[in-house]
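The values are calculated or read from the model by the stated rules, or taken from the named source; none is laboratory data. Note that this is a predicted model, so its numbers are computed, not measured. Quick reminder, even Gly has a Cβ in these numbers, built from the backbone with ideal geometry, and neighbours come from all protein chains shown.
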Amino acid sequence: MSTTVQETHRPTGAEKRTARSGVAAGAFSPRQLLSSLPDALRKLDPRHQVHNPVMFVVWIGSVLVTVLAVARPGVFAILVAAWLWFTVLFANLAEAVAEGRGKAQAESLRRTRKETVARCLRPVSGDANYSSQRHSRVIPSAELRVGDLVVVEAGEVIPGDGEIVEGIATVDESAITGESAPVIRESGGDFSAVTGGTTVLSDRIVVEITSKPGESFVDRMIALVEGAQRQKTPNEVALTILLATLTIIFVLTVAALQPMAAYSGDPQDVIVLVALLVCLIPTTIGALLSAIGIAGMDRLVQRNVLATSGRAVEAAGDVSTLLLDKTGTITFGNRKATDLIAVQGVTVLELATAARLSSLADGTPEGRSIIELSVAEHHLPAQPDDVERSAEFVPFTAQTRMSGIDVGADQVRKGAASAVAAWVRQHGGTVPPEVEGITREISEDGATPLVCAEVSGGQARVLGVIRLSDVVKPGMIERFGELRAMGIRTVMITGDNPLTARAIAAQAGVDDFLAEATPEDKIALIRREQEGGQLVAMTGDGTNDAPALAQADVGMTMNSGTAAAKEAGNMVDLDSNPTKLIDVVEIGKQLLITRGALTTFSIANDLAKYFAILPAMFAGIYPQLGKLNVMRLATPESAILSAVVFNALIIVALIPLALRGVRYRPSSAVSLLRRNLLIYGVGGIVTPFVGIYLIDLLVRLIPGI
Amino acid sequence: MSDTAAGLLQVGLLLALLAVVYVQFGDYMFRVYTDKRHLRAEQVIYRLVRVDPDADQRWTTYAAGVLGLSAVSIVLLYLLQRLQSLLPLSLGRGNVEPGIAFNTAVSFVTNTNWQSYVPETVMGHFVQMAGLTVQNFLSAAVGMAVAVALIRGFVRSRTDRLGNFWVDLTRGVVRILLPISVLGAIVLITGGVAMSLRAGVAVTGLDGNSSTVALAPAASQEVIKELGTNGGGIFNANSAHPFENPASWTNLLEIFLLLVIPVSLTRTFGRMVGNVKQGYALVTVMGLLWAVMLSTAWWAETHPNGPVTLTAGAALEGKEGRFGIPASTLFAISTTGTSTGAVNSMHDSFTGLGGGIAMLHILLGEVSPGGTGTGLYSLLVFAVIAVFLAGLMVGRTPEYLGKKLGRREVTAASISILTMPTLVLLGAGAALVPPSTMNALNNSGAHGLSEVLYAYASTSNNNGSAFSGITVTNGWFQSTLGIAMALGRFVPILAVLCLAGSLARQKTVPVTAGTLPTTGGLFVAMVAGTVLLVAALTFVPAMALGPFAEALV
């Protein structure tokens, strides 16, 4: 029963994502900058700055220049000091804005976590029947411990994460998923997990609490979206090391410059040296690095996917093998009628009419699809007329393996080939030999044949065969093609026999398939891929998926899945839409690309800054170095100040890009690299020349510069 | 034939020679380092020094071997110089003073061959042959061994073993360096390179004054001096001296010798990683950088901007007439790009830009094509950094040759890259502070700064060529330059071996369409760009006050 509800639940989840992402993703607005300002100011604390080596150097420089500006006040000194502080502030702002967007989501989650009370049953030893314990104690949900049993009845809020140990109930999970259709949760099986903060709509369940207060699913979600628990991911650490290395090189470059300048007869003002240093070290990426990471997680949350760590998101970008369940991911969950094949002597219209008639009262998805086909291709009425309405429906049973309808003496049946053949012979008819050939052919294609027969005027005959196909979702072939271009191999997992699996795999365009798959087969497949160095991603929901989810590098669990499965995976999809794994891979890639692109941009910027600052520093002693002032900046002071201002403003200008991520279009590595090198490498060289020149046009107007 | 045409012909001939031997020699070295058997001569050596040639070493053991050998070598070389008066064939030359002995010992063991002494008057034949020449072989073989260990790091998976240092070292000497040196020496003797144990020959000049022209066993040293990218001349004038480099063709042969191992090792690399295109990509990077530097310097030398040289039409002061501008520039660029340090002209006398290019070529980090082995491993480190940045831009955590570049790998590569700029900038910056430096400089102003900067660039990169014009015999220079040579050599080697160790531990990630290709034009441009960018960003301010200030006049 629960599965039926789930099936209808899935597609709506997917629709919701597209409908909601526009709102949740929220275009970046300048107002966010303003509202994040208090947070940004708080982050000026050196204890916060020290975690970011690049910005900490800027922070120290700002303090130093401020001291010097106080000691020897001057327009130039004060302006440089102010803009250095702005540089630090803008970096904080980027982080605060990214966190702020998460905070808004966390706030709505937190409202669901409002203090509830729990009716707690302390288990009595020797008595397994919990319902018999009438005496429950009411305690605040914050006092619940792992292993406690609580009773939840219709209208009550589930006090904590847990497993249903008794009962069945419809649950409103909209607080977590944003999905208004209720889902069914029952003890035993794969749909026994419930989440704290969701509401029971009907019936009564006994839940065993599986998480400590403050560590529940919602708590973890809040911590994740707020960035509170954010740890640097491995790649982020590696990049930070590289940025620190660059910073050290530039500190040395500037430090060594002073004795050289002194030797050359023109020792430099410390303010100028600090300005040069700040302009050279990779402040752009240093300022935006943590915002990029937070925003990456945020984009995932916007698609209703929760990752337990940033590491998992990064790993998603590296995935090279994708294991996808056939049903619900590659194909629609249900088989659909796709063809009608009439036997000799029967027209297709006759067959369609009979097939439609047999399915009028058949509420199964297969039955509905037969009606749809006869309506679409043979223009038969979709609704039954009065005569048909009064007919008697013969439901499908496991014994008869047929369903159909009786209109007076006339009978129509459809069902498994052998059952229908027996029925025809029983009514005195014969089965034409071609039927066997048609059904075999359909089976070999990976589809299911339904034979349709009738008794009309006492004459029993076979009319033809209905082909029920597993219909591959539209766009899947293109999607897998894109994945292949990205270097990702897709493997379809199915319980079907190899023959059927092969046919569907070919239709969907996957690279490989695993037929008649058992959980052990899945793990073996994952291990084999990993042995070969592949990174494997998969989705799953059942408890028997848990080992495979844990083994996979990226394991996305459906929110409808069991607690064991959720624990084993490293991502949870609240919409329970397995196709989303592909989105997750793209988000992972986008995250890495954004980091790489902004680093390249940041470093490429330095060239222009040298052209601005070096002539300003040394044209006094070596007038020939004035030739390097290609931007024709007005005065040495205006040149240096313009470079510093550009360096600070570019951070703000790139905040939207850092939050949104660099546009990612699936394509080969070479074309991606060429494109990004062109935009962020060459663009990074050119932009500051233009920017510094324009800023200088304004700065030169300041008196005293 | 015009000077330019002759020069182009020489460049063409040089490239043709390199192209001819590239595949054969690269494959030969591949077989040397992957051979399972040991030659009889090698087995004798292993028994003598008591090593098990079949033991596979961890990176730490391998590194301990490198450091141990180098430490013992430095001590022995120092003692040989300090006790010279007791040694045979010393030609009456006394014990070398401690400052020079320390500096020289470090210099030759680190493959730098910076010379703060005049060989003709300081070093006797015994120290030259048993001390300096031995180190010329060993230091070159050490560089190749470390490069091979790094390649094994890429090739091997899920192991902590990188091969056997003693085997790699011995094979490098016995199978590669010795045979070519013997053969090359005979060829050079036919060209007129001196080979004598006499102290010198008395000659009477046209003015009637008699003097002694120093002699030495030059030919036997000359080949390994170039082949091992060492560069320490047995005569003070180095390859500008007619007894070391008498003719145009010996000049070309010497340039060929100093390029042949670093260039061909890329083929060895390609063979070892199982894709020769990987090697072609690296050799293209090397060639590209070398060509850019050569053409810029050549242009600078033929377009001088000083008043005197303008009258002469070219910067000929400090260059040998028998080589002229093209062959001098070709030598200068090849020697600065290979960490050799041999010279056939005085770099100090180059134009502002020309000298600056020579210096910049060293400051690129000796990768075009770099020293024996050191060139390959230094370029691989740059490739690791380039791939790390570019790899991110294709949306994967970066990988090179199937190995992920994570925290450990980036840290090791960063340390390796960080070492040289630190030494150059701190060294040159600090050297400009004490007043004694002003007395050591022949020139003031921008050129003086160039001289100091060049000295630290040359030593920190284990190049060894000198801008001269600076007297480096005071205690400050002897010790700081010595330290720069030692750290400039061993810190990167440790980092590279650590990198190799952590690469070898990983499993190999298979190549997919989403993998950043590390062959082809885009990769070449990226690595070359990274090398140029790192050098430019680091050294532009310092160079602005030295060579650029001179060049822009």
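At a glance:
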{"read-out": "Boolean, residue A:293 is touching an Asp or Glu at 6+ places or on another chain (Cβ under 7 Å), assigned to a helix (DSSP H, G or I) and surrounded by 24 or more Cβ atoms within 10 Å (Cβ to Cβ)", "value": "yes"}
{"read-out": "Selected residue [more than 21 Å from residue A:309 (Cβ to Cβ) and not basic (Lys, Arg)] from A:543, A:557, A:539", "value": "A:543"}
{"read-out": "Within the stretch A:239-260, tally of residues that are hydrophobic (A, V, I, L, M, F, W, C) and at the interface with chain B (Cβ under 7 Å from one of its Cβ atoms)", "value": "9"}
{"read-out": "Evaluation of residue A:286 against (1) within 24 Å of residue B:434 (Cα to Cα); (2) part of a helix (DSSP H, G or I); (3) away from chain B (no Cβ under 11 Å) (one fails), failing number", "value": "(1)"}
{"read-out": "Test: residue A:582 is modelled with pLDDT under 90, farther than 17 Å from residue A:308 by Cβ, in a helix (DSSP H, G or I) and touching a Gly at 6+ places or on another chain (Cβ under 9 Å)", "value": "no"}
{"read-out": "Within the stretch A:443-454, tally of residues that are surrounded by fewer than 21 Cβ atoms within 10 Å (Cβ to Cβ) and hydrophobic (A, V, I, L, M, F, W, C)", "value": "0"}
{"read-out": "Residue A:670 being among the aliphatic types (A, V, I, L, M), facing another protein chain (nearest Cβ under 10 Å) and either in a helix (DSSP H, G or I) or under 25 Å from residue B:352 (Cα atoms) (or both)", "value": "yes"}
{"read-out": "Strands (runs of 3 or more DSSP E) completely within the stretch A:303-399 that count 3 or more residues being charged (D, E, K, R)", "value": "A:331-342"}
{"read-out": "Count of residues meeting criterion [more than 9 Å from chain B (Cβ to nearest Cβ) and touching a residue at least 12 places away in the same chain (Cβ under 8 Å)] in the stretch A:614-631", "value": "6"}
{"read-out": "Complete set of residues in the stretch A:678-705 that are more than 19 Å from residue A:288 (Cβ to Cβ), crowded, with 17+ Cβ neighbours inside 10 Å and not β-branched (Val, Ile, Thr)", "value": "A:689, A:693, A:696"}
{"read-out": "Segments classed as helices (runs of 4 or more DSSP H), wholly inside the stretch B:140-239, with at least 1 members that are surrounded by 18 or more Cβ atoms within 10 Å (Cβ to Cβ) and touching a Pro at 6+ places or on another chain (Cβ under 8 Å)", "value": "B:165-171"}
{"read-out": "Some residue of the stretch A:46-61 being among the polar types (S, T, N, Q), closer than 25 Å to residue A:653 by Cα and not in a helix (DSSP H, G or I)", "value": "yes"}
{"read-out": "Subset of the stretch A:262-271 (residues that are within 13 Å of another protein chain (Cβ to nearest Cβ) and either buried (at least 21 other Cβ atoms within 10 Å of the Cβ) or outside any helix (DSSP H, G or I) (or both))", "value": "A:263, A:264, A:265, A:266, A:267, A:268"}
{"read-out": "Scan of the stretch B:337-393 for residues that are closer than 14 Å to residue B:496 by Cα and either among the hydrophobic types (A, V, I, L, M, F, W, C) or surrounded by fewer than 24 Cβ atoms within 10 Å (Cβ to Cβ) (or both), ordered by number", "value": "B:376, B:379, B:380, B:381, B:382, B:383, B:384, B:385"}
{"read-out": "Pick from the stretch B:494-525, criterion more than 23 Å from the chain's Cα centre (by Cα) and buried (at least 23 other Cβ atoms within 10 Å of the Cβ), ranking: nearest to the other protein chains (Cβ to nearest Cβ)", "value": "B:514"}
{"read-out": "Residue in the stretch A:647-666 that is under 30 Å from residue A:265 (Cβ atoms), more than 14 Å from chain B (Cβ to nearest Cβ) and not in a loop (DSSP other than H, G, I, E, B) present", "value": "yes"}
{"read-out": "Count of the stretch A:533-571 residues which are more than 14 Å from every other protein chain (Cβ to nearest Cβ), crowded, with 24+ Cβ neighbours inside 10 Å and of a type in the set (A, V, I, L, M, F, W, C)", "value": "8"}
{"read-out": "Total residues in the stretch B:441-466, condition buried (at least 24 other Cβ atoms within 10 Å of the Cβ) and in a loop (DSSP other than H, G, I, E, B)", "value": "5"}
{"read-out": "Pick from the stretch A:497-545, criterion assigned to a loop (DSSP other than H, G, I, E, B) and touching a Phe, Trp or Tyr at 6+ places or on another chain (Cβ under 7 Å), ranking: nearest to residue A:189 (Cα to Cα)", "value": "A:510"}
{"read-out": "Selected residue (only one of B:485, B:438 is over 20 Å from the mean Cα position of the chain (by Cα) and outside any loop (DSSP other than H, G, I, E, B))", "value": "B:438"}
{"read-out": "Conditions (1) within 29 Å of residue B:515 (Cα to Cα); (2) assigned to a loop (DSSP other than H, G, I, E, B); (3) within 13 Å of chain B (Cβ to nearest Cβ): number failed by residue A:577", "value": "(3)"}
{"read-out": "Residue B:83, sole failed condition from (1) modelled with pLDDT of 95 or more; (2) farther than 30 Å from residue B:164 by Cα; (3) in contact with a Ser or Thr (Cβ under 7 Å, 6 or more places away or on another chain)", "value": "(3)"}
{"read-out": "Unmet criterion (only one of (1) part of a helix (DSSP H, G or I); (2) surrounded by fewer than 24 Cβ atoms within 10 Å (Cβ to Cβ); (3) charged (D, E, K, R)) for residue A:119", "value": "(1)"}
{"read-out": "Residue count for the stretch A:595-612, restricted to those that are more than 9 Å from every other protein chain (Cβ to nearest Cβ) and buried (at least 24 other Cβ atoms within 10 Å of the Cβ)", "value": "7"}
{"read-out": "Only one of B:386, B:358 that is in a helix (DSSP H, G or I) and under 15 Å from residue B:518 (Cβ atoms)", "value": "B:386"}
{"read-out": "Single match in B:115, B:81 (criterion: in a loop (DSSP other than H, G, I, E, B), surrounded by 20 or more Cβ atoms within 10 Å (Cβ to Cβ) and at negative phi)", "value": "B:115"}
{"read-out": "Search result, residues across the stretch B:399-414 that are part of a helix (DSSP H, G or I) and facing chain A (nearest Cβ under 8 Å)", "value": "B:407, B:409, B:410, B:411, B:414"}
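Yes/no matrix, rows are residues, columns are (1) in contact (Cβ under 8 Å) with a residue 12 or more places away in the chain; (2) out of contact with any Leu (no Cβ under 7 Å at 6 or more places or on another chain); (3) facing chain A (nearest Cβ under 10 Å):
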| position | (1), (2), (3) |
| --- | --- |
| B:379 | yes, no, no |
| B:397 | no, no, yes |
| B:419 | yes, no, no |
| B:425 | yes, no, yes |
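One line per residue, one yes/no per condition, for (1) closer than 30 Å to residue B:215 by Cβ; (2) at pLDDT 95 or above; (3) surrounded by 14 or more Cβ atoms within 10 Å (Cβ to Cβ):
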| residue | (1), (2), (3) |
| --- | --- |
| B:35 | no, yes, no |
| B:65 | no, yes, yes |
| B:68 | no, yes, no |
| B:93 | yes, no, yes |
| B:107 | yes, yes, yes |
